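Written below as structure tokens is the structure these notes are about.
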Amino acid sequence: MRVLVTGGAGYIGSHVVRRLKDAGHEPFILDDLEEGHRFAVAEGVDLTRGDIADAAALDQAIAGRGVDGVIHMAASCLVGESMERPARYYDNNVIRTLRLLENLAARGIGKFVFSSTAAVYGDPTGVPGEANAAITEEQPCEPTNVYGETKLAVERALAWQVRGAGLKAVSLRYFNAAGADPSGDIGEDHEPETHIIPLVMRAALGLTPSVTILGRDYPTLDGTCLRDYIHVCDLAEAHLLALDALDRLEGYRAYNLGAEKATSVLELIESARRITGCGIPVTDGPRRPGDPPRLLASSARIRKELGWKPRLSDLETILGTAWSWHRRHPNGFEAAPAP
């Protein structure tokens with residue numbers, strides 16, 4: 001397949017592109033490099049630098065190609081920032097995605113895999129039933145932050161497009177993407193960094209004095225947030241399965257992607273100390289606005305319907321591959337790897 005990947009120079013996008021290429025497909029990228037990295041792009045993959053809403057940039061990216069499908073990953077994705085800059089998130093995540101969909105439709109491109117998020121669910125303890133149950137796709141979507149709200153807005157638009165405009169679309173609701181390619185040559189590099197695992201790795205390397213725990217007063221066993229961590233390579237595999245399934249799926253579908261195991265922040269830090277052999281000091285901070293106390297996926301639907309099975313999403317592999325990446329690239333993609 002010939003696949004356009006928007007945001008393909010980003011953290012998850014670069015892993016998706018690599019998996020597509022390794023599977024014998026022809027990926028190519030449209031990315032403005034605001035958050036992505038040119039050095040994350042796999043060798044031999046064409047990168048067009050441009051805005052996803054720009055019809056001319058889209059034409060440049062797809063020129064001379066018959067496009068079999070689109071994996072749309074370009075977005076602003078920081079929960080805290082979304083609460084401070086809601087207009088920016090609606091512009092980047094909703095308005096520009098709708099423009100992209102219009103431009104794709106005008107060019108006869110009708111297969112679309114959307115990078116969504118577990119943030120569409122909000123706080124799962126706020127609904128009737130067992131508070132500790134895993135979240136299924138039937139869970140009501142009631143986001144508690146602007147980032148989740150913008151992703152849900154696109155999901156709703158896709159559902160209508162599938163009904164009325166002949167689009168074939170799947171949304172993949174990531175829980176906490178983590179880890180790095182086992183090769184150690186691509187991984188997570190954000191600025192500013194807000195994700196817990198790279199922050200832990202930076203502290204282990206001595207690049208920062210400590211890791212800040214954002215809240216110890218959540219209604220969990222140790223008072224810190226519980227999250228379901230899913231290896232980025234397992235996420236990448238799900239995108240290939242979803243793209244391949246679009247022709248046979250009936251209507252719009254959304255799938256959870258998680259490892260079905262909840263890990264607290266304190267449990268994660270203790271495991272990282274063991275794997276890295278470093279002390280990893282911690283400090284305490286206030287809760288981050290919009291963070292639910294607990295997120296745990298049920299991935300039963302995608303396992304059953306698409307045959308997806310996570311293979312690298314145990315915590316030891318996630319932390320081990322992240323540690324390998326950060327040791328080799330302590331200053332990210334823009335610097336030469338450490339020996």
Q: For Arg88 and Glu267, calculate 0.36 nm times their separation in residues minus their Cα-Cα distance, and state this gained length in nm to one decimal.
A: 61.0 nm
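Charges only on Cβ, +1 for Lys and Arg, -1 for Asp and Glu: so what's the dipole of the stretch 220-301 about the Cα centre, in debye to the nearest 20?
Rounded to the nearest 20 debye, it is 200 debye.
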Q.
For the pair Lys21/Arg311, report the inter-label distance in nm, with labels modelled 7 Å from Cα in the Cβ direction.
A. 1.9 nm
Q. Using a 1.4 Å probe, how large is the accessible area of Lys21, given in Å² and rounded to the nearest 10?
A. 90 Å²
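Return an integer: the convex hull volume of the alpha-carbon atoms of the stretch 11-89, in Å³ per residue.
Details: hull volume 8.2 nm³, N = 79.
Dividing the Cα hull volume of the stretch 11-89 by its residue count gives 103 Å³.
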(Q) Check which residues have an amide H placed less than 5 Å from Cys225's amide H, if you skip close sequence neighbours. (A) Val265
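Within the P(r) computed for the stretch 229-318, what percentage of the Cα pairs occupies the region above 21 Å?
In whole percent, the long-distance tail amounts to 47.
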Q | Highest-first arrangement of 264-271, 115-122, where packing means the average Cβ count within 10 Å | A | 115-122, 264-271
Q.
Output wanted: per-residue J couplings in Hz (rounded whole) for the stretch 174-184, from phi through Karplus 6.51 cos²θ - 1.76 cosθ + 1.60, θ = phi - 60°, x for Gly and Pro.
A. 6, 8, 9, 5, 7, x, 8, 4, x, 5, x
Q. With no solvent and one point per C-alpha, what does the Debye sum give as log10 I(q)/I(0) for the stretch 188-339 at q = 0.10 Å⁻¹?
A. -0.42
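Give me D for the stretch 57-152 in µm² s⁻¹, whole number, from Stokes-Einstein with Rh from the Kirkwood sum over alpha-carbon pairs, 10 °C and 1.306 mPa s. Let's see the in-between values first.
Values: Rh = 15.2 Å.
In µm²/s, the coefficient is 104.
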Q.
Test of understanding: what is the full-extension gain from Gln60 to His190, defined as 0.36 nm times their sequence separation minus their Cα-Cα distance?
A. 44.1 nm
Q: Excluding residues on the same chain fewer than 8 positions from Lys168, give the lysines whose Cα lies under 25 Å from its Cα.
A: Lys21, Lys111, Lys151, Lys304, Lys309
**Q.** Percent of C-alpha pairs per 5 Å bin, the stretch 142-234, short to long
**A.** 3, 10, 13, 17, 18, 15, 11, 7, 4, 2, 1
Q) In nm, what is the difference between 0.36 nm times the number of residues separating Met1 and Ser183 and their Cα-Cα distance? A) 63.0 nm
Q) Packing-wise, with mean Cβ within 10 Å as the measure, how do 37-48, 137-148, 272-283 rank, highest first? A) 137-148, 37-48, 272-283
Q: Kindly list the residues of the stretch 273-305 that lie in the label zone of Thr212, defined by a backbone N under 15 Å from the point 7 Å along the Cα-to-C-beta vector.
A: 282-291
Q. At a 1.4 Å probe, what is the % contribution of carbon and sulfur to the accessible area of the stretch 37-125?
A. 48 percent
(Q) Give me a comma-separated list of calculated 3J(HN,Hα) values for the stretch 200-210, in order, Karplus coefficients 6.51, -1.76, 1.60 applied at θ = phi - 60°, integers in Hz, x for any Gly or Pro. (A) 5, 5, 5, 5, 4, 7, x, 6, 10, x, 6
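The values are calculated or read from the model by the stated rules, or taken from the named source; none is laboratory data. Note that this is a predicted model, so its numbers are computed, not measured. Backbone-built Cβ (ideal geometry, glycine too); neighbour counts: all protein chains shown. Ligands, DNA and RNA are stripped out before the accessible areas are found, and what is left, the full protein with its side chains, is counted by its heavy atoms. Shrake-Rupley method; radii C 1.70, N 1.55, O 1.52, S 1.80 Å.
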